[in-house]
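What follows is a set of notes on a single structure, which appears directly below.
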Amino acid sequence: MPDDTEKLSRLPDPGRMLLADESAEAYDALLSEYIQDLHPVGALERRQVELILRCDLDIDRQLRMIAQHLNPLAEEVNRGAEAVRDWLRRSLMHPSALEKLDEEEGQILPAEPPLPPEGDGRLTPLIARRYAQQRELMAIHQREVAAAERRRRQAIELLFKIQDRRARGSVPDAEVVGAGD
Amino acid sequence: MTGGRGAQRRHGAQSRPPREDIMVHLERILGVTPDAVALLEPDEATAAALHLAECEARLDRAHRHYAEAQGVNRHADLDHLQDHLEDLMYFNWIEDAAKREAAARVMRLERLSTRYANHGKRLAGRYLREAQSRRDRALEHYLAYY
């Protein structure tokens, strides 16, 4: 067994596994809490703890995405249709109006993403409609939640197995008493 | 729109990770920097550690690909094509009305773009599950020498 060190495992750069709305600092803080709770010893156990943390992050991320996709206030962006609509609109406009429109569009800032509303029962039909519109995507996210939970269970099981082996390794070999009698 | 059969194994998420990534894991697993001679003719324990290190590096790569795929809701190649079509339409370079209508219809192929993105998400999930499974098996094998 390799010598243990007290530092976090953080292998490799966790920033590469995180999305834009997740921070490496929060990841490190969570990892140190998990390490305090699970008491890993050695690189293998620390790695196992890190994988458990990643599964938890995956579950949280998938649930967050489901909530965002079901946000009834979010606008559905149809990029191609918008381009065609814009093109048709421009083709019907007077040149001076077109020039004014170009100036105005240069000043428009991109809209902020809408926040999901909280606790309003009247939004249920809209949420159900969004769910029906995105059934394929919802199925993918829900399957990923289930897969991450399964990976988490397996990672915890493997961690306990390694810790159990380590604990048994520290017990001195048994002596057979009275074998020669 | 993407590479042919087996392209992921050669270039993508399932390709062999760089040697540096494997060595980082190997050093952590063994606790020491292995010398080149030991790696040329590894004993069973070192071979198991080496296999585990490679599986760990593959798992990291699959996880990174998985995280990247979560934020992709459109297919980049199709977007690129739509950009070209938009330019053609915007500058009235398509004279023929029927062709212009065809271009407009291509612009409305949103479902195709979403479908490709969803396909990418499914694949990323599958790669991660496979990498995790291989890594867990490699760990169980290595534990015999631990």
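Please treat every number below as a calculation from the coordinates, not as lab data. Predicted, not measured: the structure shown is a model, and the values here were computed from it. All Cβ positions, glycine included, derive from the backbone under ideal geometry; neighbour counts span all protein chains shown.
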When the Cα centres of the range A:132-181 and the range B:110-146 are compared, how far apart do they sit, in Å?
-> 18
Who wins for biggest fluctuation among B:Leu123, B:Leu88, B:Leu30 in a Gaussian network model of chain B, springs between alpha carbons below 10 Å?
-> B:Leu88
For the residues B:Cys55, A:Cys55, what sequence is obtained by ranking on other C-beta atoms within 10 Å, fewest first?
-> A:Cys55, B:Cys55
What ranking do A:Thr124, B:Thr46 get, fewest neighbouring Cβ atoms within 10 angstrom at the top?
-> A:Thr124, B:Thr46
In what order do B:Asp21, A:Asp120 fall by count of nearby beta-carbon atoms within 10 Å, going from fewest to most?
-> A:Asp120, B:Asp21
When the range B:11-146 is reduced to its Cα atoms, the Kirkwood hydrodynamic radius in Å | 18.2
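Please compute, for peptide A:143-156, the average count of beta-carbon atoms on other protein chains lying within 10 Å of each residue's beta-carbon.
Rounded to a whole number, the mean comes out at 2.
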When the Debye formula is applied to the Cα atoms of the range B:42-91, each taken as the same point scatterer, what base-10 log of I(q)/I(0) results at q = 0.20, 0.21, 0.31 Å⁻¹?
-> -0.77, -0.79, -1.01
Helical mean residue ellipticity (222 nm; -39500 (n - 2.57) per DSSP H run of 4+; nearest 500) of chain B | -24500 deg cm²/dmol
Within the range B:71-146, report the GluC sites (Glu not before Pro) that DSSP leaves as loop and that have at most 15 other Cβ atoms within 10 Å.
-> B:Glu95
